[in-house]
1. Sorted by average packing, counted as other Cβ atoms within 10 angstrom per residue and highest first, what order do 4-11, 58-65, 21-28 take?
2. Over all directions, what mean area does the Cα convex hull of the chain project, stated in square nanometres?
3. Over every pair of different alpha-carbon atoms in the stretch 54-100, take the mean of 1/r and invert it; report that Kirkwood radius in Å.
4. Given a Förster distance of 35 angstrom, what is the FRET efficiency for Glu15 paired with Asp75, based on the Cβ-Cβ distance and rounded to 0.05?
5. With n ≥ 4 as the cut-off for DSSP H runs, can you work out [θ] at 222 nm for the chain, using -39500 (n - 2.57) per run divided by the number of residues, rounded to the nearest 500?
6. My understanding is that a pair violates if its Cα-Cα distance is over 19 Å; which of Lys27/Lys73; Lys47/Lys74; Lys10/Lys80; Lys41/Lys61 do that in this structure?
7. Can you work out the Karplus-derived ³J(HN,Hα) for every residue in the stretch 13-28? Use 6.51 cos²θ - 1.76 cosθ + 1.60 with θ = phi - 60°, whole Hz, and x for glycine or proline.
8. Defining a contact as two alpha carbons under 8 Å apart and six or more residues distant in sequence, what relative contact order in percent does the chain show?
Amino acid sequence: MEIIWTKLAKITYIEILENLNNRWTKKEIRSFTNLTNELLKNIQENKIMHPFVHNDLGIQKSIIHKNVSLFYKKDTVANKIYLITFFNNRMSPEVLKRLLNT
């Protein structure tokens, strides 16, 4: 399956990396990007199944790190995976609701 980064996913991923850059070491940032890449590979190869958080829209949630989750949607007809947003789990759930409804 092809992975498609939405504009929001790109923006939120960059924001998280910038935040990590201010708080973590280069080694920890590299570890986070490796975790993200490994997760995307596993999703792409259907090696792992994540729970649905919005059944009507088919949105699934994967935890990359205890503080960061990825929300995505699979389109099996088009054979694509749409990355919707990366989310800092310490943020308000209301922010997440707004992000998922856009």
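We did not get these values from a lab; they are worked out from the coordinates using the rules stated. Because the structure is a prediction, the values reported are computed rather than measured. Quick reminder, even Gly has a Cβ in these numbers, built from the backbone with ideal geometry, and neighbours come from all protein chains shown.
1. 58-65, 4-11, 21-28
2. Details: hull surface 25.8 nm².
Averaging across all directions leaves 6.4 nm² for the Cα convex hull.
3. The Cα-based Kirkwood calculation yields 11.3 Å.
4. According to the calculation, E is roughly 0.85.
5. Values: 3 runs with 44 residues, N = 102.
Calculated from helices alone, the mean residue ellipticity at 222 nm is -14000 deg cm²/dmol.
6. Where the Cα-Cα span goes over 19 Å, the pairs concerned are Lys27/Lys73.
7. Along the stretch 13-28, the couplings run 5, 4, 4, 5, 4, 5, 5, 5, 4, 7, 10, 10, 7, 4, 4, 5 Hz.
8. Here the relative contact order equals 31 percent.
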